[in-house]
Amino acid sequence: MVVSYKECLKNHAARLGGHALDGCGEFMPSPTSTPTDPASLKCAACGYHRNFHRCETYYGPPTSSSTQPASRPPVLARVPLRKLLRVASVSCGIQLGWALQLSLLTPYVQELGIPHKWASIIWL
């Protein structure tokens, strides 16, 4: 198993509600890094910890000498249609309940002079 760390995924615009990456292409350990010191796991290029970088794991070829064909992945159990419809109808009912409560409350909130976009927050 070989682990390599690729591009930096640190979101620099999270506070603003956006998504912006710095462009660091690959984790480069600091020249003075030691494996026993957790503080030395910072990237020499961007300065952020190794955990901000995308981890890519490569599992090498099997070491067994047998030449068995590759096994198929396990088949997932199918969900019965009735159960699926039951769960979907419950979630739909919950969503409709929220919408109904919000639609009933919105006129009262607007009558108080609060903008429509804040009505859902007031309801919570």
* Asked: What number, rounded to the nearest 500 deg cm²/dmol, is the helix-based mean residue ellipticity at 222 nm of the chain, given -39500 (n - 2.57) per DSSP H run of at least four residues and division by all its residues?
  -> -10000 deg cm²/dmol
* **Gyration tensor verdict on region 67-118 (Cα atoms; rounded if a/c is under 1.5, prolate if a/b is larger than b/c, oblate otherwise)** => oblate
* Structure fact -> Per GNM of the chain with C-alpha springs under 10 angstrom, the most fluctuating residue out of Gly113, Gly17, Gly25 is Gly113
* Asked: By the gyration tensor of its Cα atoms, with a ≥ b ≥ c the square roots of the eigenvalues, what is the shape of the chain: rounded for a/c under 1.5, prolate for a/b over b/c, or oblate?
  -> oblate
* Structure fact -> For the chain, the dipole about the Cα centre with charges only on Cβ (Lys and Arg +1, Asp and Glu -1), to the nearest 20 debye, works out at 560
* Heavy-atom surface of the chain, accessible at 1.4 Å and reported per residue (Å²) -> 86
* Asked: Which one of Tyr5, Trp98, Val87 is farthest out on the positive end of the charge dipole of the chain, using unit charges on Cβ (Lys, Arg +1; Asp, Glu -1) and the Cα centre as origin?
  -> Val87
* Structure fact -> The aspartates and glutamates whose Cα lies under 14 Å from the Cα of Lys42, excluding any fewer than 8 residues away in the same chain, are Glu7, Glu26
* Fraction of accessible area attributable to carbon and sulfur, the chain (%, probe 1.4 Å) -> 62
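The values are calculated or read from the model by the stated rules, or taken from the named source; none is laboratory data. Note that the structure is predicted; figures quoted are calculated from it, not measured. Every residue, glycine as well, gets a Cβ built from its backbone with ideal geometry; the counts of neighbours run over all protein chains shown. Surface accessibility is based on the protein's heavy atoms, side chains included, excluding ligands, DNA and RNA. Shrake-Rupley method; radii C 1.70, N 1.55, O 1.52, S 1.80 Å.
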